[in-house]
Amino acid sequence: MSSVLANAPDTCYSGVMSWPPRFLFISGRLAIDFVHTGGEGWRAQWERWGSPRDLAEWMHACPLLAVRATVSRSDLAEAEVLREAIWGAAHDVLRGRAIDSASLSTIHRAALRPSLVPMLRRGTKVWAGGATGRQALSTVARDAIDLFGTEAKNRLRECQRPDCYLLFVDTSRPGKRAWCAMRRCGNLEKIARYRAKSRRADNQPNKEKTK
């Protein structure tokens, strides 16, 4: 059974953001939302794919994918490899380097496979039924190629909060978005600045007392 593809150009949370959420959709791009699910090294603490079912639920929950796919253990293993390749490629792009050849090979290999098939149903874009995890991964890889191979790469950003490493694509007109999410890091940074300003004010001598 096919699933409606959500029309969600902006995947930021609204309201108060609980932290950490099970799945995080704030980047504005499918390929980047894909890498915000955990990974190797220090990113393992955020791992969200403990089983093929977890990956299938992510694929369905992701507003920029929104597909009900059959996911196997081999699909999960391939997803983890693809995630590392896209993560590495994104940081190569951020730092103005050529994308690592091994990362490119992994992304290309996934993209070469058949992707999800879009169809129209009563004027709405949907995915064709019988979707597989491998098809969904191909769709993710193709989005990565589109992101890293077009002018969109110039809008790829890393959150400016010192202890946050989340990525996003800045679609604002001035291109000056600083935070992964205003309701998360933006607000935390505002609070930190306010407290620092208050501490400085408290440390200033009282003019009346110094006369």
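Among 115, 101, which is out of contact with any helix residue (DSSP H, G or I) (no Cβ under 7 Å at 6 or more places or on another chain) and of a type in the set (S, T, N, Q)? Working first, answer last.
Numbers: 115 fails: out of contact with any helix residue (DSSP H, G or I) (no Cβ under 7 Å at 6 or more places or on another chain).
When all the criteria are applied, what remains is 101.
Look through 99, 145, 107 and report the one residue that is outside any helix (DSSP H, G or I), touching a residue at least 24 places away in the same chain (Cβ under 8 Å) and surrounded by 12 or more Cβ atoms within 10 Å (Cβ to Cβ). Give the derivation first.
Working: 145 fails: outside any helix (DSSP H, G or I); 107 fails: outside any helix (DSSP H, G or I).
From the options 99, 145, 107, the qualifying one is 99.
Given the structure, is residue 42 assigned to a helix (DSSP H, G or I), farther than 24 Å from residue 119 by Cα, of a type outside the set (Val, Ile, Thr) and at pLDDT below 95? Give the steps one after another, and end with the answer.
Values: assigned to a helix (DSSP H, G or I): yes; farther than 24 Å from residue 119 by Cα: yes; of a type outside the set (Val, Ile, Thr): yes; at pLDDT below 95: yes.
Answer is yes for this residue.
Picking from 83, 48, which residue would you name as being assigned to a loop (DSSP other than H, G, I, E, B) and either touching a Ser or Thr at 6+ places or on another chain (Cβ under 9 Å) or among the acidic types (Asp, Glu) (or both)?
48
So which of 74, 115, 27, 103 is in contact with a Gly (Cβ under 6 Å, 6 or more places away or on another chain) and either modelled with pLDDT under 95 or hydroxyl-bearing (Ser, Thr, Tyr) (or both)?
One residue alone meets the criteria, 103.
What pairs come out if I take residues in the range 65-85 that are of a type in the set (Ser, Thr, Tyr) and pair them with residues that are surrounded by fewer than 21 Cβ atoms within 10 Å (Cβ to Cβ) and assigned to a helix (DSSP H, G or I) whose C-beta lies under 7 Å away, six or more apart or interchain?
Between residues of the range 65-85 that are of a type in the set (Ser, Thr, Tyr) and residues that are surrounded by fewer than 21 Cβ atoms within 10 Å (Cβ to Cβ) and assigned to a helix (DSSP H, G or I), the close pairs are 72/52.
The values are calculated or read from the model by the stated rules, or taken from the named source; none is laboratory data. Please read these numbers as outputs of a predicted model, since none were measured by experiment. When we count neighbours, we look across all protein chains shown, and the Cβ atoms used for this are built from the backbone with ideal geometry, even at glycine.
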